[in-house]
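> This is the structure I want to talk about, given as structure tokens.
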Amino acid sequence: MNLTYVQGEEAARLLREAEQQAAPVNPLSALLPRLDLAGAYAVQRDNISWRVADGATVIGHKVGLTSAAMRELLGVDEPDFGHLLDDMVLRDGTAVRAARYCAPRVEPEICFRLAQPLQGPDVTVEEVLAATDAVAPALEIVDSRIRDWRITLVDTVADNASSAGLVCGPWTRLADAPDLASVPVDLIVDGEHVAAGSSREVLGHPAAAVAWLARALSAFGGGLEPGHVILPGAMTTAPHVTAGQKVEARFGGLGTVSVAFV
């Protein structure tokens, strides 16, 4: 890690204030050119620890950069991850104030809920499926506390992988769910179809993203716990949303989920 302790503290503070005030900051990669990936994850962990100390609970993780196009855009060859907290969860169909975010976007994803722990450097797709209790249609609200989404890999990693909210639809037991390798999704904004995709967009299979996450966490001495929920990555592009818009995602046989911005 090339950052000094003081620089890491400053980076974490800037991101906290940006989130609290919904006022984005300039890219950390420009402000702190020595910020590397290890330092960025350290900044992320510092801010998660701060939120936990303030009363939040870690309920799972999200995986980002699972599409080849996004990895190519940022010049990386693997995904990244962030944390999900209980104060990020929104009810299906609820209305949320758009002004609480800096520049929100939405991503349709298949959310996993684990019944068994997953840990270690060799976790497989098969082990992920064996450990999964249920899946649900979901929308992730992503938001960059970096001005104008001018992010590099270290910017988004430090910023909790740009995660801001989670909306889950009804849970389906994995045994009753459609084939997760080929779930279609249609993204609807204000009644207009804006994007379509498939679970294949997520590393070929969304469980592959969960397996990657478990392996990545093992490098930090961590793992995935029973009861945790996992957002494995976006199945379509992530459109910007503003106040007055309603977003709905329709996941074929898996169901629908929606959120309104007011």
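> Failed condition for Glu127, given (1) loosely packed, with under 15 Cβ neighbours inside 10 Å; (2) of a type in the set (Asp, Glu); (3) at pLDDT 95 or above, with all others met?
That leaves (1) as the condition not met.
> Here's a follow-up. I'm checking my understanding of the structure. Among residues of the range 82-100 that are more than 18 Å from the chain's Cα centre (by Cα) and closer than 25 Å to Gly227 by Cα, which one is least open to solvent (accessible area, probe 1.4 Å)?
So the residue we want is Thr94.
> Counting just the residues of the range 61-75 that are hydrophobic (A, V, I, L, M, F, W, C) and open to solvent by 30 Å² or more (accessible area, probe 1.4 Å), which one comes out nearest to the chain's Cα centre (by Cα)?
The residue in question is Met70.
> Scanning the range 88-121 for residues that are part of a loop (DSSP other than H, G, I, E, B) and small (Gly, Ala, Ser), which turns out nearest to Pro24 (Cα to Cα)?
Among those residues, the one meeting the criterion is Ala103.
> Another one. Keeping to the range 27-60, report how many residues are outside any helix (DSSP H, G or I), surrounded by 14 or more Cβ atoms within 10 Å (Cβ to Cβ) and not charged (D, E, K, R).
7
> Please go through the range 21-57 and give me each residue that is free of Cβ contacts under 8 Å to residues at least 60 places away in the same chain and of a type in the set (A, V, I, L, M, F, W, C), ordered by number.
Answer for the range 21-57, where residues must be free of Cβ contacts under 8 Å to residues at least 60 places away in the same chain and of a type in the set (A, V, I, L, M, F, W, C): Ala30, Leu31, Leu32, Ala38, Ala42, Trp50, Val52, Ala53, Ala56.
The values are calculated or read from the model by the stated rules, or taken from the named source; none is laboratory data. The model shown is predicted, which means the values in this text are computed figures rather than measured ones. Don't worry about glycine lacking a Cβ; one is built from the backbone with ideal geometry, like all the others, and counts go over all protein chains shown. Note: accessible area is taken over every heavy atom of the protein model, side chains too, but ligands, DNA and RNA are not part of it. Shrake-Rupley method; radii C 1.70, N 1.55, O 1.52, S 1.80 Å.
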